[in-house]
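Remarks on the structure that follows.
Where a number appears in this text, it was derived from the coordinates with a stated rule and is not lab data. These figures come from a predicted structure and were not determined experimentally. No Cβ is skipped: glycine too gets one built from the backbone with ideal geometry, and neighbour counts run over all protein chains shown.
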Amino acid sequence: MDPVFLLIFVFVIASLLGFELINKVPPTLHTPLMSGSNAISGITVVGAIICAESGEGWVAQGLAFLAIVLATINVVGGYMVTDRMLASFKKKEK
C-alpha cells in the first residue's frame, strides 16, 4: 500500500473522530477543551517549523508553511475565545 494513501486514510479517520467527539462535548466543558486544543496546536506549530526546515522540495515547504499559518491562527483564536469566555464569568463591578 502506498504511504500517501495510508496517511490520507489516517487523516480522514482522525477528522471524522474529532468531529464526533467535539459534537458530544457539553457547552460547560468547551473552555477547558479549548485550552487543551491550544496546547496541541502549539505542538503542531513546532512540528511544522521543524518540517519546514528539513522539508525537501517546494511542496513540502509550502505545506509546512500552511500548517504553521493555520495552527498559529488556531492558537491565537483559541486563546481569544477562551479569554472572552472566562471574562463572561467574572462579576461585573459597579
- Task: Select from the chain the helices, each a whole stretch of DSSP H, whose alpha-carbon atoms run 18 Å or more along the helix axis and whose Kyte-Doolittle mean is at least 1.0; answer none if there are none.
- Result: 3-24, 58-88
- Toy charge model, Lys and Arg Cβ at +1, Asp and Glu Cβ at -1: the chain dipole around Cα centroid in debye, rounded to 20, equals 800 debye
- Message: Starting from 0.36 nm per residue, how many nanometres of slack lie between PHE5 and ILE50 once their C-alpha separation is accounted for?
- Response: 13.9 nm
- Task: Rank THR44, THR28, THR82 by mean-square fluctuation in a GNM of the chain with C-alpha springs under 10 angstrom and give only the top-ranked residue.
- Result: THR28
- Listed highest first by mean packing, meaning other Cβ atoms within 10 Å per residue, what order do 6-18, 45-57 come in? 45-57, 6-18
